[in-house]
Amino acid sequence: METPVKHPTDQIELPSYQQQSPEVAAHFAELNARPVVMTVGGVGRVFESAQGQITALRNIEFEVRQREFISVIGPSGCGKSTLIRIVSGLEQCTSGAVLIDGKPVVGPGPDRGMVFQAYTLFPWLTVKANVMFGPSMKGVSRDEAEKQALEWLRVVGLSQFAEHYPNQLSGGMKQRVAIARALANQPRILLMDEPFGALDAQTRASMQAHLLKICASVDITILFITHDLDEAIYLSDRVVVLGAHPGRVLEVIEVPVPRPRSVDQFLSGPFLATKARLEELIHHRTATDESAAA
């Protein structure tokens, strides 16, 4: 029997983060029976510099299953953004491979949609036209592209803003348009690189709730980069924890918090136990690595 973890802040006695209720265990049994959509196999990335080679990522390995939500977290400099750029095809790995449905990633492709921290909308196009852009470029007729765009705007809760321009929207609304635009291309995987990082706390919480609703209603698999521990636990099925210098996998954690998720769970035993483990991995390992480097 595992020893309970004590939360470092308030010394509340917590259950083990590895302890799963029957409900959570059933969820992971069902999830693990789904097909693997993406495999990150032994991925490494080495950069050349004036001081010599710098290893940003070393032997990163994990799998992502259909309709799974996986977050990647870690301290600054652990290579989170480098990893997601490799998965997107915007950057090449120097060892290993990323496979989507068994096929190696060799560049950007329609099977992956990307949402960045910056909104990256076309300011001269309306909200509807921004979402129509992808389907139109793929040869979908204007009428069909418009129909699809309006449906995605309904999914993200922005139907009434279809004819607005980006400069007429709040930051959270712009990011919802960016999500709708990515989903309109019907990707297998949605890649999100700290998409809520520039938002205020209230808007960020609203966006997290919107994303959970989207995940519940759309057949989409998500790889999500964040530095926010609460966000990672709240949204994810599993959390991949990276250490820094070089970036490598410290642990892959199955989140023991049952779904559907709510903000009330932030103070639950499973949530706090998972957060305590993440803090231990990130902060303790970071301090240890820095001491070793010194």
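The values are calculated or read from the model by the stated rules, or taken from the named source; none is laboratory data. Treat the numbers as computed from the prediction; the structure is a model and nothing was measured. Because the Cβ atoms are built from the backbone with ideal geometry, glycine has one as well, and the counts that use them run over all protein chains shown.
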Flag if T94 is β-branched (V, I, T) and either surrounded by 19 or more Cβ atoms within 10 Å (Cβ to Cβ) or under 26 Å from T39 (Cβ atoms) (or both): yes
Filter result for V87 (without any contact (Cβ under 8 Å) to a residue 24 or more places away in the chain, within 23 Å of R188 (Cβ to Cβ) and either within 18 Å of the chain's Cα centre (by Cα) or in a loop (DSSP other than H, G, I, E, B) (or both)): no
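Going through segment 38-81 one residue at a time, which ones are among the polar types (S, T, N, Q) and at pLDDT below 95? Working first, answer last.
The initial filter retains those residues of segment 38-81 that are among the polar types (S, T, N, Q), namely 39, 49, 51, 53, 55, 59, 66, 71, 76, 81.
Hits for segment 38-81 are S49, Q51, Q53, T55, S76, S81.
How many of the residues making up segment 122-145 are among the aliphatic types (A, V, I, L, M) and surrounded by fewer than 21 Cβ atoms within 10 Å (Cβ to Cβ)? Reasoning before the result, please.
Just the residues of segment 122-145 that are among the aliphatic types (A, V, I, L, M), to begin with: 125, 127, 129, 131-132, 137, 140, 145.
Checking the rest, the ones that are also surrounded by fewer than 21 Cβ atoms within 10 Å (Cβ to Cβ) come to 125, 129, 137, 140.
Count: 4.
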Scope segment 92-119; condition at pLDDT below 90 and in contact with a helix residue (DSSP H, G or I) (Cβ under 6 Å, 6 or more places away or on another chain); matching residues: Y119
Some residue of segment 182-191 being more than 27 Å from E61 (Cα to Cα), more than 15 Å from the chain's Cα centre (by Cα), among the hydrophobic types (A, V, I, L, M, F, W, C) and part of a helix (DSSP H, G or I): yes
Cross-chain or 6+ apart pairs with Cβ under 8 Å, segment 195-212 first and among the basic types (K, R), then outside any helix (DSSP H, G or I): R204/F196
Pair list, Cβ < 7 Å and 6+ apart or interchain, from segment 90-101 residues that are over 10 Å from I60 (Cβ atoms) and β-branched (V, I, T) to residues that are modelled with pLDDT under 95 and part of a loop (DSSP other than H, G, I, E, B): I100/D111; I100/R188
Any chance P135 is assigned to a helix (DSSP H, G or I), over 13 Å from M173 (Cα atoms) and in contact with a helix residue (DSSP H, G or I) (Cβ under 7 Å, 6 or more places away or on another chain): yes
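Tell me the residue from Q148, Q175 that is among the polar types (S, T, N, Q), crowded, with 23+ Cβ neighbours inside 10 Å and not in a loop (DSSP other than H, G, I, E, B), please. Steps first, answer last, please.
Details: Q148 fails: crowded, with 23+ Cβ neighbours inside 10 Å.
Of Q148, Q175, the one residue that is among the polar types (S, T, N, Q), crowded, with 23+ Cβ neighbours inside 10 Å and not in a loop (DSSP other than H, G, I, E, B) is Q175.
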Tally of residues being outside any helix (DSSP H, G or I), at pLDDT below 95 and either within 10 Å of the chain's Cα centre (by Cα) or basic (K, R) (or both) across segment 193-225: 3
